[in-house]
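*Asks:* Mind looking over this structure? Questions follow.
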């Protein structure tokens, strides 16, 4: 099994006051601060994969339990995350980050597949598509090819859960 991403809880100062009309005001959350926190919390979760830009919606009103959908570039893919803000009335709110889909490092999938085949095929060429990262729902499959000594066999990996655990399809 390949654990790739985990739930994360972090503290975050995020409120900004925004005027809405002449006589009212509303507290908006700082989308850029939440996006930065998302990226920071996922550094350890994605291992060696490169992280790019994170993006969260700009127009949500800050309230307890605010749930937003953000995205983060992970390797060559864009991964969706569900972000929940709690303790928003405190100086530092809490942010909970949950991947909305599994994030699979394809090189780790190849390593898993290689460890699952007989030793006599240790030098086989294994390919699981062109992408470095696959973002998938549990139950989705990843098609791979194992080539050895002129023979080729298709093998299917199954995404087991949002943590990125995979198995061989039976």
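Values in this text are rule-based calculations from the coordinates and carry no lab data. If you're wondering where the values come from, they're calculated on a predicted model, not measured in any experiment. So basically every Cβ, Gly included, is an ideal-geometry build from the backbone, and we count neighbours across all protein chains shown.
*Asks:* Using alpha carbon centroids, what distance separates segment 84-100 and segment 103-148, in Å?
*Replies:* Segment 84-100 and segment 103-148 have Cα centres spaced 35 Å from each other.
*Asks:* With all distinct Cα pairs included, what does the Kirkwood hydrodynamic radius of segment 104-168 come out to in Å, to one decimal, could you say? If you can, show how the numbers build up before the last one.
*Replies:* Numbers: mean 1/r = 0.0831 Å⁻¹.
For segment 104-168, inverting the mean 1/r across all distinct Cα pairs yields 12.0 Å.
*Asks:* Given R₀ = 22 Å, FRET efficiency for residue 68-residue 160 by Cβ-Cβ distance, to 0.05?
*Replies:* Values: r = 27 Å, r/R0 = 1.21.
Given R0 = 22 Å and the Cβ-Cβ separation, E is 0.25.
*Asks:* If r is the Cβ-Cβ distance from residue 153 to residue 132 and R0 is 22 Å, what FRET efficiency results, to the nearest 0.05? Present the calculation step by step, with values, prior to reporting the outcome.
*Replies:* Details: r = 23 Å, r/R0 = 1.04.
With R0 = 22 Å, the Cβ-Cβ based efficiency is 0.45.
*Asks:* Determine how many Å³ per residue the convex hull of the Cα atoms of segment 45-106 encloses. Walk me through the numbers on the way to the answer.
*Replies:* Values: hull volume 5.7 nm³, N = 62.
Dividing the Cα hull volume of segment 45-106 by its residue count gives 92 Å³.
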